Amino acid sequence: LDCGADMFYEACISTWLSNGKKNNGMIIRLQGFDRGVFGGNFHTHNTLSMPPGIDVVCYSNGVDYVKGMRYAVQQAAAGRIVMTVDSTSLLNLRGKFTQKYPTTGHWTFDDVHILPAKNKKCKKAVFTYGTGVVEAIRARDELGLDAHIIDCPLLSSLPANIDLSPYNNVVFFDPCKEGQNPLAGHVTALQNNGQLPKKWGMIAAPKTYNPLGQLLTFISAEQLIEYFK
């Protein structure tokens, strides 16, 4: 495992080691994430390796994926290494979330998308990505949660366009396992920048493996309802 991972790491640092003479621009697609319960246990590990020198993104829907991939291709051509985290669970929802293919436009890594709460004066927010967005929408539409949903695809660093000042209560809703969840790094960066609200919380997946065919260890809409009680 260590030797195999080393090839991945060497691709990330080779530009620096060669003083810019060796360019390893590429896009890596990591398939298998969150609720891929029928695709083998590796589909539910929910851990991400993010060494320095790589941009890691996870999109919650097809439109963002297309626009994000256009930008990723530009960055790879310029020499950066980008990893997109593809969710088996999201692919299985394509019928319900089908949207018109965007023929133009792109999202940069700093772009963050906000799904507004029903009450415009609401100051609660769910900060999440990927399948976390789907669960947050389910909490809103099926369970009555009234909160803004902040969809943050960039996981390897804090996007420049983050602004939490309109909110006084934010929960970071992370599909990855506790202790290995990328939003923990976002919380640290927000605190260092003085951008973290006084009231905030973290919900992450349990630090264990998931029984095949079950949904026991994944984050859920019900946890959001419980948090905001």
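Assorted remarks:
- From the list Ile114, Ile137, the lone residue that is more than 28 Å from Ile54 (Cα to Cα) and over 13 Å from the mean Cα position of the chain (by Cα) is Ile137.
- Residues of the range 45-69 that are within 15 Å of Ile28 (Cβ to Cβ) and of a type in the set (A, V, I, L, M, F, W, C): Leu48, Met50, Ile54, Val56, Val57, Cys58, Met69.
- Within the range 1-55, being at pLDDT 80 or above, open to solvent by 90 Å² or more (accessible area, probe 1.4 Å) and assigned to a loop (DSSP other than H, G, I, E, B) holds for one residue alone: Pro52.
- Long-range neighbours under 6 Å by Cβ, at least six apart or interchain, first residue within 19 Å of Ser14 (Cβ to Cβ) within the range 64-82, second modelled with pLDDT of 95 or more and of a type in the set (A, V, I, L, M): Val82/Ala72
- Residue check: Ile114 meets all listed conditions (1) outside any loop (DSSP other than H, G, I, E, B); (2) farther than 16 Å from Ser220 by Cα; (3) in contact (Cβ under 8 Å) with a residue 24 or more places away in the chain; (4) out of contact with any His (no Cβ under 7 Å at 6 or more places or on another chain) but one, namely (4).
- Pair list, Cβ under 8 Å, 6 or more apart: the range 191-220 residue closer than 22 Å to Ala136 by Cα and outside any loop (DSSP other than H, G, I, E, B), other residue at pLDDT below 95 and among the aromatic types (Phe, Trp, Tyr): Ala205/Phe218
- Asn192 passes every criterion in (1) touching a Pro at 6+ places or on another chain (Cβ under 9 Å); (2) closer than 21 Å to Pro52 by Cβ apart from (1).
- Residue identified as farther than 19 Å from Ile54 by Cα, among the hydrophobic types (A, V, I, L, M, F, W, C) and under 15 Å from the mean Cα position of the chain (by Cα) among Leu90, Leu155: Leu90
- Residue in the range 121-136 that is of a type in the set (S, T, N, Q), modelled with pLDDT of 90 or more and either open to solvent by 50 Å² or more (accessible area, probe 1.4 Å) or part of a loop (DSSP other than H, G, I, E, B) (or both) present: no
The values are calculated or read from the model by the stated rules, or taken from the named source; none is laboratory data. Model, not experiment: these values are computed from the prediction. Ideal geometry is used to build each Cβ from the backbone, glycine not excepted, and the neighbour counts take in all protein chains shown. Just so you know, the surface numbers come from the protein's heavy atoms only, side chains and all, with ligands and any DNA or RNA stripped out. Shrake-Rupley method; radii C 1.70, N 1.55, O 1.52, S 1.80 Å.
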